[in-house]
Amino acid sequence: MKVIKLNIPKEPQFFSSVRLFTSGLLMSYQLDFDKIEDVKAAVNESLNIVMKHQCSLDIDLEYRISEEKVEIQISGFCPNVTDETSEETELAKTIINCLVDESRIEEDKLQLIIDLV
């Protein structure tokens, strides 16, 4: 299994770099264009969730790549959501679930799973 780690400041101007990296990584595994676009959108929604919840000053991303799947773990998320943002967060989670093969929230991490086979 290959593991790639990224750390970015919790600032929206860095999100495009993460989307570009994600796209390039998935292209190297010959996923089709539509699937790559879906994953980029799911990553963007995940970053938006993390951005809304001020738990840390930066965001950690970990890409775990095996022959069967790519797991993208995004840390910096606060599971305790206030009423002001819970509706937006639930909508973002619904969008994410529609775009990737599997998603989970564990503690302070969002995990996206993309099947390669």
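The values are calculated or read from the model by the stated rules, or taken from the named source; none is laboratory data. The structure presented is a predicted model; accordingly, all values stated were derived computationally and were not measured. Please note: Cβ atoms are built from the backbone with ideal geometry, for glycine as well, and neighbour counts cover all protein chains shown.
Return a yes/no flag: does region 54-66 have any residue that is small (Gly, Ala, Ser), within 18 Å of Asp115 (Cα to Cα) and either buried (at least 18 other Cβ atoms within 10 Å of the Cβ) or under 12 Å from the mean Cα position of the chain (by Cα) (or both).
Looking only at region 54-66, we keep the residues that are small (Gly, Ala, Ser), and these are 56, 66.
Subsequent filtering for residues that are within 18 Å of Asp115 (Cα to Cα) retains 66.
The next check asks that each one be either buried (at least 18 other Cβ atoms within 10 Å of the Cβ) or under 12 Å from the mean Cα position of the chain (by Cα) (or both); those that pass are none.
Looking through region 54-66, none of the residues is small (Gly, Ala, Ser), within 18 Å of Asp115 (Cα to Cα) and either buried (at least 18 other Cβ atoms within 10 Å of the Cβ) or under 12 Å from the mean Cα position of the chain (by Cα) (or both).
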Condition met for Ile4 (on the phi < 0 side of the Ramachandran plot, under 14 Å from the mean Cα position of the chain (by Cα) and either surrounded by 16 or more Cβ atoms within 10 Å (Cβ to Cβ) or not in a strand (DSSP E or B) (or both)): no
Among (1) among the acidic types (Asp, Glu); (2) part of a helix (DSSP H, G or I); (3) under 14 Å from Ile113 (Cα atoms), which single condition is Glu37 missing? (3)
Taking region 73-103 and keeping only residues that are modelled with pLDDT of 85 or more, under 21 Å from Ile4 (Cα atoms) and either of a type in the set (Phe, Trp, Tyr) or surrounded by fewer than 17 Cβ atoms within 10 Å (Cβ to Cβ) (or both), one is left with Asp101, Glu102
Output the qualifying pairs, or none if there are none: Cβ atoms under 7 angstrom, residues six or more apart or on different chains, first residue in region 35-63 and free of Cβ contacts under 8 Å to residues at least 12 places away in the same chain, second residue in a loop (DSSP other than H, G, I, E, B) and surrounded by fewer than 23 Cβ atoms within 10 Å (Cβ to Cβ). none
Of all residues in region 47-72, count the ones that are under 15 Å from Lys5 (Cα atoms) and acidic (Asp, Glu). 4
